[in-house]
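The values are calculated or read from the model by the stated rules, or taken from the named source; none is laboratory data. Here the structure is a predicted model, which means the values were calculated and not measured. FYI the Cβ positions are ideal-geometry reconstructions off the backbone, even for glycines, and counts take in every protein chain you see.
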Amino acid sequence: MKILIHLIFLIFLTQNVSSKEHTFYDLFRSGDKTLAINMLIQLSENENLDAKYLLGMLYYDAQFLKLCDIKNFCINNKRKAYEIYIDLFENYNDPRAAYALGEMYDEQFYIYTSNVFPNLKKAFKYYLFAAENGVPEAQYNVANMYEFGDGTKKNIFEAVRWYLQCNQSSLCGAGREGIDDLIDQLSTEDVERIQSLIDPNLEEIDIRITIAQNIVLK
């Protein structure tokens, strides 16, 4: 199954863009990553949800971002990321965390379970929650899983619905092109019903690392 990966953190942090003074982004890019992350941990402990989410992303991709020289940061770091996302999902209904959990179960992160294969049913569960709450990447993945019957029963009606919902966003805004073959399998009544289910006002949730520029460090 094709999925849309959201972690482009390294690319983002090497871009030359302006940001507010004293943000996590500033401190991290200045080279003092240890101080930046320690301050981020403090914010997370004070229930700053953006800081929690960002910390989860850093733990998740610590090896790729070369953060393992920071003391203890890479010890069980993927489990730490998982626990942060579970907390955000179960206690705060955070759709960003739901999407991240979906990716974990989609990509064979079996260290969190007793299984050695992807758990697509669990991935679908988390993706669907994120999709219903405005994450375009999740909407695409849900559509794809309905199309091919991955983690859920194959359902062309729902596949078209979620592809078209995703097309309301800046991520997937390609109109009906590309899914004509799916639409052709549906009746006119089904297509009309799908159109009535599309919410053009659903708030688009950004799961990308751009939140780093908005987390102010004291």
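So in the stretch 78-108, with the set limited to residues that are charged (D, E, K, R) and farther than 23 Å from GLU203 by Cα, which one is modelled with the lowest pLDDT?
Looking at residues that are charged (D, E, K, R) and farther than 23 Å from GLU203 by Cα, I get GLU107.
ILE111 - would you say it is over 17 Å from ILE198 (Cα atoms), assigned to a helix (DSSP H, G or I) and modelled with pLDDT under 95?
Taking the combined requirement at face value, the residue satisfies it.
If I go through the stretch 135-176 residue by residue, how many of them are crowded, with 21+ Cβ neighbours inside 10 Å, in contact (Cβ under 8 Å) with a residue 24 or more places away in the chain and within 15 Å of the chain's Cα centre (by Cα)?
Within the stretch 135-176, residues that are crowded, with 21+ Cβ neighbours inside 10 Å, in contact (Cβ under 8 Å) with a residue 24 or more places away in the chain and within 15 Å of the chain's Cα centre (by Cα) number 8.
Among the candidates LYS125, LYS80, LYS121, single out the residue that is charged (D, E, K, R), closer than 23 Å to ASN48 by Cβ and in a helix (DSSP H, G or I).
LYS80
If only one of PHE124, PHE73 is surrounded by fewer than 24 Cβ atoms within 10 Å (Cβ to Cβ), of a type outside the set (Lys, Arg) and modelled with pLDDT of 95 or more, which one is it?
PHE124
Looking at the stretch 53-67, is at least one residue of a type in the set (Asp, Glu) and free of Cβ contacts under 8 Å to residues at least 12 places away in the same chain?
no
Quick one: in the stretch 177-218, which of the residues that are touching a His at 6+ places or on another chain (Cβ under 9 Å) and β-branched (Val, Ile, Thr) is surrounded by the fewest Cβ atoms within 10 Å (Cβ to Cβ)?
Among those residues, the one meeting the criterion is VAL216.
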